[in-house]
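Student: Supplied in structure tokens, the structure appears directly below.
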Amino acid sequence: MYAGSQSLSESSKKVTEKNDVLNKLSQSSPAVAGNKTEIITQGHQRVAKAMSKISDGQGKITQSIALIAQSEELKTALRHIKHEKDDKITQAFSKTYIFAAVFVLICSPIALWSEKRKA
């Protein structure tokens, strides 16, 4: 992602530089022959197309980065929810086992006292 963004940025700089050169050429010699003016016009059109492609690429990269960030945030939230759920289940079972242990501890002596003895 970063490499793609970096190469688009470099391409954008190059296209901007070429556009500046074409602007200087068209402004420096207003009395340029028709053929040279046509070449400069074609150059401007190519630069405009290149800028459009670069802009589209930058938009796609920005959208991809946003989606990746959103995905990471969702993963983090789901991990947190799972951890919380596991903790609550563990606490519930702990309380159940403690209750069962106390119940057995209380009922054991009663069971011994309630036993009938043979005379």
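Student: What do you reckon, is ALA119 of a type outside the set (Val, Ile, Thr) and modelled with pLDDT under 95? Please lay out each step first, then the result.
Tutor: Working: of a type outside the set (Val, Ile, Thr): yes; modelled with pLDDT under 95: yes.
Considered against the rule, which asks whether it is of a type outside the set (Val, Ile, Thr) and modelled with pLDDT under 95, ALA119 comes out as yes.
Student: Which residue pairs have Cβ atoms under 7 Å apart, sit 6 or more places apart or on different chains, and have a first residue in the range 45-69 that is more than 23 Å from GLU17 (Cα to Cα) and among the β-branched types (Val, Ile, Thr) and a second that is modelled with pLDDT under 85 and surrounded by 12 or more Cβ atoms within 10 Å (Cβ to Cβ)?
Tutor: The qualifying pairs do not exist here.
Student: Please list, ordered by first then second residue, the pairs with beta carbon atoms under 6 Å, 6 or more apart or interchain, first in the range 1-29 and part of a helix (DSSP H, G or I) and surrounded by 11 or more Cβ atoms within 10 Å (Cβ to Cβ), second at pLDDT below 70 and not hydroxyl-bearing (Ser, Thr, Tyr).
Tutor: Matching pairs, first to second residue: LEU22/ILE40; LEU25/ILE40; SER26/ILE40.
Student: Separate question: Here are some conditions: (1) modelled with pLDDT of 90 or more; (2) under 39 Å from the mean Cα position of the chain (by Cα). GLY57 meets all but one. Which one does it not meet?
Tutor: Every condition holds for GLY57 apart from (1).
Student: Further question: Checking ALA50 against (1) modelled with pLDDT of 90 or more; (2) more than 20 Å from the chain's Cα centre (by Cα): exactly one of these is not met. Which one?
Tutor: Every condition holds for ALA50 apart from (1).
Student: Next question, about the same structure. Given the criteria within 28 Å of GLU10 (Cα to Cα), under 47 Å from the mean Cα position of the chain (by Cα) and either of a type outside the set (A, V, I, L, M, F, W, C) or not in a helix (DSSP H, G or I) (or both), does THR62 qualify?
Tutor: When the stated conditions are applied, THR62 passes them.
Student: Still on this structure: Based on this model, can you work out whether ALA111 counts as modelled with pLDDT under 90 and either of a type outside the set (D, E, K, R) or over 30 Å from GLN6 (Cβ atoms) (or both)?
Tutor: For ALA111, the condition - modelled with pLDDT under 90 and either of a type outside the set (D, E, K, R) or over 30 Å from GLN6 (Cβ atoms) (or both) - is met.
The values are calculated or read from the model by the stated rules, or taken from the named source; none is laboratory data. All figures in this text were calculated on a predicted structure; none of them were measured in a lab. All Cβ positions, glycine included, derive from the backbone under ideal geometry; neighbour counts span all protein chains shown.
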